[in-house]
Each structure stands twice: as structure tokens, then as C-alpha cells.
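Notes for the one structure printed next.
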Amino acid sequence: MPRGVAITEPRQHLFAAAERVIAAAGPSQLTSRAVTREAGVATGLLFAHFANFDDFLTGYAVDRSFQIAANAAGLAERAGTGTVDANLSEAMLATPMITLVAVTRLVAYRPTLTEAVEAVLGSGNAALPALERAVVGYLAAERHIGRLPAAADTEALAVAVVGVVHHIALTDGDDPAAADRIRRAITALTTATTVNAVARRDDGS
């Protein structure tokens, strides 16, 4: 970035740069110099907005965790519209894949960030757990109106759906086919849940 060019949202500019570093080189290579180099700014810009690099990482994790939760917050309102698998996939992928990849890998690499995020956003709100709660609420709503069988284990399905996102973000999130793999896995999970629930009902178990 040319010198003298104003950055409208410097914090977001730095956060986006951090995501690119993590996606390209992994969280172990994330340093203040790597972030500012990727952002095309002087190192001093980062420390003008954050007390230290740990404060930057916490700020990033809080911002992205909030974003993930906000993107999934309206999921339950979709009950009765579209298809269950499409609604779940849309909610899981509402956050850009590079963000899912970066925040998931960073929190796994620096587990102390979970506590730091939860100190700001509350327990269970670091990275992906908020997705699980949103999915549980949505599936319960779909079961209530009969679009999922009464015997469907909505909590187990929610764990599986978010587990798919977590696994792919950690392992293959930079693959161009990652989003499609998540959609296919969610379709398979919802189909299996429906089939198994019907089978249990018919067996009287």
C-alpha cells in the first residue's frame, strides 16, 4: 500500500491481513511483522491500535467470533422455509471461508484465546460453539413444525454439522472445494438423521 494512503478501518485491515497469513503459512507464522507486511503498513500502525500483539490476537478472535455468531443468529427464523440442509449450509457458510479457517486454526494453536474471548463475549462464544447453539435451536424449530421427525436427535446433528465445519476449516479449508464439501456433508447428515429417526419410530424404539 502506498505511503500516505488513509486506511478507513485499520483494525479490520489488519485483521484481514492476519487471516491471509494464517491461511497461507499457518498460525505459527503469525507475528506483528508478518501481519503488517501482509497489510502493507508500518508495524507502528498495529501498536497504535493494540497494546501488544496478544491484545491484537484477542481483538481479532473476539471480532471474528462475534461475526460468526451474528451470521448464524437468524437461523431459527428460517424454519419452515427452503430445505433443512440448504438452510444449515447457508448459515455455516455465511462467514467467509478464510475467516472460518483462520479463527479455527488460531484458536486451536493458541487455546488461551478461548478464555480471552469468553471474557468479552461470554462462555461458549469463542469461534464455533455459537454455531452449535444456533443449529440446535433451528433444528428444534424444524422438528416442532414436523419438517424433522419427532425422534430426530437435534443436539447430535448439531454437533455433527459444526464438527464438519471445524474439521474442514482445520484441514482443507483453503481447498476451493471446501464449501462444496461442507454442503455435501451437511446434506448427508440431515438425510441420515431423518432416515434413522423414521426407522427408530417404525421399530417402536
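The values are calculated or read from the model by the stated rules, or taken from the named source; none is laboratory data. Source: prediction; values computed, not measured. Here the Cβ is made from the backbone with ideal geometry for all residues, glycine too, and neighbour counts use every protein chain on show. The accessibility values were calculated without ligands, DNA or RNA, using every heavy atom of the protein model including side chains. Shrake-Rupley method; radii C 1.70, N 1.55, O 1.52, S 1.80 Å.
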Taking only the C-alpha atoms, wrap a convex hull around region 88-205 and report its volume per residue in Å³ as a whole number.
110
Length released on extending from F53 to T191, taking residue separation times 0.36 nm less the Cα-Cα span:
45.2 nm
Approximate spin-label separation V159-H144, in nm, with each point projected 7 Å along Cα-to-Cβ:
2.3
Before rounding to the nearest 500, sum -39500 (n - 2.57) across all DSSP H runs of length at least 4 in the chain and divide by the residue total; then give [θ] at 222 nm in deg cm²/dmol.
-22500 deg cm²/dmol
How much length, in nm to one decimal, is gained on full extension between D174 and Q29, taken as 0.36 nm per residue of separation minus their Cα-Cα distance?
50.6 nm
Once both axes come from the Cα atoms, what is the angle between helix 129-144 and the longest principal axis of the chain, in degrees from 0 to 90, rounded to 10?
20
Net lengthening on full extension, A42/R181 (0.36 nm per residue, minus Cα-Cα)
46.2 nm
Can you tell me the orientation of helix 178-203 relative to the chain, as the angle in degrees between its alpha-carbon axis and the longest Cα principal axis, to the nearest 10?
30
For the chain, set up a GNM with springs between Cα atoms under 10 Å and report which of A178, A51, A169 has the largest fluctuation.
A51
Please get the size of the charge dipole for region 1-95, origin at its Cα centre, with Cβ charges of +1 on Lys and Arg and -1 on Asp and Glu, quoted in debye to the nearest 20.
360
What's the carbon and sulfur percent of region 1-149's accessible surface, probe 1.4 angstrom, rounded to a whole number?
54
Nearest 10 degrees is fine. How inclined is helix 97-109 to the longest principal axis of the chain, computing both from alpha carbons?
80
Would you please state which residues of region 102-123 a label at A73 would reach in this model, taking the label point 7 Å out along Cα→Cβ and a backbone N cut-off of under 20 Å?
117-123
Using a 1.4 Å probe, what is the accessible area per residue for the chain, in Å²?
49
Here are a few candidate values for Rg and Dmax of the Cα atoms in Å: (1) 19.4, 72; (2) 18.5, 65; (3) 16.9, 51. Which one was actually calculated from the structure I just gave you?
(1)
Based only on the alpha carbon positions, what is the Kirkwood hydrodynamic radius of region 21-74, in angstrom?
12.3
